[in-house]
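To start, the structure under review is shown below, and the notes come after it.
The values are calculated or read from the model by the stated rules, or taken from the named source; none is laboratory data. Here the structure is a predicted model, which means the values were calculated and not measured. As a convention, Cβ positions derive from the backbone with ideal geometry for all residues, glycine included, and neighbour counts pool all protein chains shown. To get the accessible areas, we keep the full protein, side chains included, count just its heavy atoms, and leave off ligands, DNA and RNA. Shrake-Rupley method; radii C 1.70, N 1.55, O 1.52, S 1.80 Å.
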Amino acid sequence: MKKFSILLVLSLLVKYSCAQSKDLPHQWIFQNIQHLLETQGTVLDPADIEISINDWLNEPLLLNKASAFELAKFFFLNPQQVKNLGKHLEKFGPFLDKYELQSIEGFDEQTAQLLSYFVQIEERKAIDYYSLAEILENGKQEVIIGCEQAFQESKGFQNPKQFVGSNQRIALRYRFALANKLYFGFSAEKDAGEKWGLFGDFQGFHLLYKGHGLLQTLAIGDYQANFGKGLNIGSAMFNGKSALVFQNQYLNEGIRPYRSLNESGFFRGVALAFKKKHFTLNLMGSLLPQTAGLQFDSLLQEEKFGSIVASGLHRTNAELAKKNSLINSYFGIHGMYQKRKLQIGLSYSKQENISSQNIENGLKNWQYPFINCHWGLAANYYLQNILLGTEFSVMENGAKAIFASILIPLHAKLDAMFIGRNYEKGYENNYGNAWSASSSIGNETGNYLAFSFRPKKYHQIDFYYDIFKSSGPSYQAAYAKVSYDYFVHYTWMQSKTFQIELRLRQLETEKNTPLETSQVKTMAPETRSQFRFQVNFSINKNLTYQLRAEKILAQKTVGLKYEGQLIFHDINFHPKGEKFSLHARFCLFQVADFSARLYMQESDVMYNYAQSLINGNGYRTYLIVGYRLFKNALLQLKIGQSYLPEKTEIGSGIDQTKGPFQGEGKIQFYYKW
């Protein structure tokens, strides 16, 4: 504690301020991505979340025709506000101007302003009959070229060199969009250590058309599909517990273009959506190459495919041998009926892993033949102002999963949500991503209760309590276990320019005890408590400042207790009318053991995000500089460095580097027209 107190005092000497972007939606997007991801405890690719929210900006919802289901996707609206907006429409008729949002009961100025970015009053001019020349003239195009390189050389690049490519990560992306009508794009990417080849190690392509007649959607290439609560069909990466305690649905439902560089979690093929009055039919087909690991069958004395490798890394000859060795075949169908207060959908999907025909060494077998079929039913219903939701799924082997939720506005200042789920032990779905306490669906039963309380203006308290258990062995648990998760978050927005946040979270679970402590496998309780204090302060239109202090208290199964703590300062500087912008962070941390590790979301260049896993003692700092070369061209540079003075090596295996420093640099060019 003495050391940390010294670090705290030293860090408080930093007097720089941070800047708030003049583009309110951009900063709001980053803050909410943090809230969505920071409690996950895993490193996810949030680019798809940013793209989903940007779609809200590019495809504003027609406010006068919006259903309660469509408004519910805006997680910054509480149930009472959705209810009051509907009442306002019924009483006063269609909105004539966005400024009327401020007159709705329960809407403050900030909420009304946020919603105004994502809705429109008048319908846009029909573009169904545009000629090719008009499409190209009115569409928006963008090109993004980026390069990243670590400053320290890992073992894989040293003699004897094991990586087959250069030590840069290179990415190229092109996108075209015509309002919400037509999307087209392609991408190419290689990770550090991979070969660029003809057009990168990973290539992506998407073409998606949206109509207003019988044909609603046509997708060719890479796409995503999300329906219901994600039990049966849900390819988006995120749908779990977060600091947004009521968020339990996908940001965008239906068939969407896939525009991320993540090499898994999407479909590659053709998808169609048809609509007639209240009925919608979605058809999906996909053949996606997969990287598979190998296992040696001692009985047959031969190697067989054993598991899917989701890292997307093909840096060594051994990793290259596994690339595209399997093809995931997928067929899905989803039918939905929707009226004013009711949504009900039926779905069927079939997945199969097929070995590629060009596999070296004649490996043709899958060690555990994988053919997976799912049948499902999903429904949402508004009972007065109460939102009821459920989804049921059953596999071909009989394993079942069920999800149910209820969202209730108890009072003008108090909302509540309950979620119950029962995912049986044998249930699994590679293209399902329902709300869960873990990273996969299955072997989980639980009850989740959340409240959001606004006692007075500018004050908000968010709370959840989740009790969940597994009926069989799970990660680091040899037997069934029970876990408890508590979360409290308090926000005080003293003004538009000053905000304080306090957070407490505690997770209690059971894990295996070390083998040396017992001759048989046993389990014991393990706890992890999080405490956070954060200040957001806008000095003026150009400068904002953020301070965060966070502490972790962890108790392991053997009774040992460890602490982890960090404090960071963020600076954002964007002078009005100037071409350059600056973002900087300085973070000090002390973490005694991996069990007390911390996760820290970082800003990055456009459409890139980083999440640091903080372990050990030292500091982490980075600087992002942006310069607008001309009207629609932006050049960004990020330089980051971590220093762990007690370490002589960082990382492990072929990714290990020597010395206490670990740094990286990124440069990216963005142009739109």
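Checked against the criteria, A450 counts as touching a residue at least 12 places away in the same chain (Cβ under 8 Å), part of a strand (DSSP E or B) and open to solvent by less than 20 Å² (accessible area, probe 1.4 Å). Scanning region 552-563 for any residue that is modelled with pLDDT of 95 or more, among the hydrophobic types (A, V, I, L, M, F, W, C) and surrounded by fewer than 18 Cβ atoms within 10 Å (Cβ to Cβ) turns up at least one such residue.
A residue that is farther than 30 Å from L553 by Cβ and out of contact with any Pro (no Cβ under 6 Å at 6 or more places or on another chain) occurs somewhere in region 583-596. Of everything listed in (1) in a strand (DSSP E or B); (2) under 24 Å from F586 (Cα atoms); (3) of a type in the set (K, R); (4) open to solvent by 30 Å² or more (accessible area, probe 1.4 Å), the single unmet condition for R503 is (4). Pairs only if they're at least six apart or on different chains, beta carbon under 6 angstrom, first in region 319-336 and at positive phi, second modelled with pLDDT under 95 and in a strand (DSSP E or B); list them, first residue then second. Close Cβ pairs (under 6 Å, with a partner that is modelled with pLDDT under 95 and in a strand (DSSP E or B)) amount to N324/P289. Once region 175-188 is narrowed to residues that are open to solvent by 40 Å² or more (accessible area, probe 1.4 Å) and among the aromatic types (F, W, Y), the residue that is farthest from N262 (Cα to Cα) is F184. Here G106 qualifies as part of a loop (DSSP other than H, G, I, E, B), in contact (Cβ under 8 Å) with a residue 24 or more places away in the chain and on the phi > 0 side of the Ramachandran plot.
Any idea which residue in region 564-585 is modelled with the lowest pLDDT, counting only those that are open to solvent by less than 40 Å² (accessible area, probe 1.4 Å) and touching a Ser or Thr at 6+ places or on another chain (Cβ under 6 Å)? Applying the filter and picking the extreme gives H583. Of all residues in region 630-673, count the ones that are in a strand (DSSP E or B) and free of Cβ contacts under 8 Å to residues at least 12 places away in the same chain. Adding up the residues that qualify gives 2.
Tell me, which residue of region 132-150 that is modelled with pLDDT under 90 and open to solvent by 50 Å² or more (accessible area, probe 1.4 Å) is nearest to the chain's Cα centre (by Cα)? For region 132-150, the residue satisfying everything is K140.
Counting the residues of region 61-111 that are among the small types (G, A, S) and under 25 Å from the mean Cα position of the chain (by Cα) gives 2. What residue, of Q494, Q499, Q460, is under 30 Å from F403 (Cα atoms) and free of Cβ contacts under 8 Å to residues at least 60 places away in the same chain? Being under 30 Å from F403 (Cα atoms) and free of Cβ contacts under 8 Å to residues at least 60 places away in the same chain holds for just one of Q494, Q499, Q460, which is Q460. Only one of the listed residues (N397, N385, N422) is open to solvent by 50 Å² or more (accessible area, probe 1.4 Å), of a type outside the set (D, E) and modelled with pLDDT under 95. That residue is N397.
For region 205-287, the strands (runs of 3 or more DSSP E) that sit wholly inside it and include 1 or more residues that are of a type in the set (G, A, S) and buried (at least 23 other Cβ atoms within 10 Å of the Cβ) are 215-226, 267-276. Answer yes or no as to whether Y464 is buried (at least 19 other Cβ atoms within 10 Å of the Cβ) and closer than 25 Å to I408 by Cα. Considered against the rule, which asks whether it is buried (at least 19 other Cβ atoms within 10 Å of the Cβ) and closer than 25 Å to I408 by Cα, Y464 comes out as yes. May I ask you to verify whether A126 is open to solvent by less than 60 Å² (accessible area, probe 1.4 Å), at pLDDT below 95 and among the hydrophobic types (A, V, I, L, M, F, W, C)? Here the answer is no, as A126 does not meet what is asked.
Among the candidates Q110, Q120, Q81, the residue that is open to solvent by 20 Å² or more (accessible area, probe 1.4 Å) and at pLDDT 80 or above is uniquely Q120.
For every residue, the table says whether it meets (1) in contact with an Asp or Glu (Cβ under 7 Å, 6 or more places away or on another chain); (2) farther than 17 Å from L261 by Cα; (3) exposed (fewer than 15 other Cβ atoms within 10 Å of the Cβ); (4) hydrophobic (A, V, I, L, M, F, W, C).
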| position | (1), (2), (3), (4) |
| --- | --- |
| E100 | no, yes, no, no |
| S116 | no, yes, no, no |
| Q152 | no, yes, no, no |
| F157 | no, yes, no, yes |
| P160 | no, yes, yes, no |
| K190 | yes, no, no, no |
| L198 | no, yes, yes, yes |
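Among the residues of region 313-335, those that are open to solvent by less than 40 Å² (accessible area, probe 1.4 Å), in contact with a Phe, Trp or Tyr (Cβ under 8 Å, 6 or more places away or on another chain), within 27 Å of A225 (Cα to Cα) and at pLDDT 85 or above comprise Y330, G332, H334, G335.
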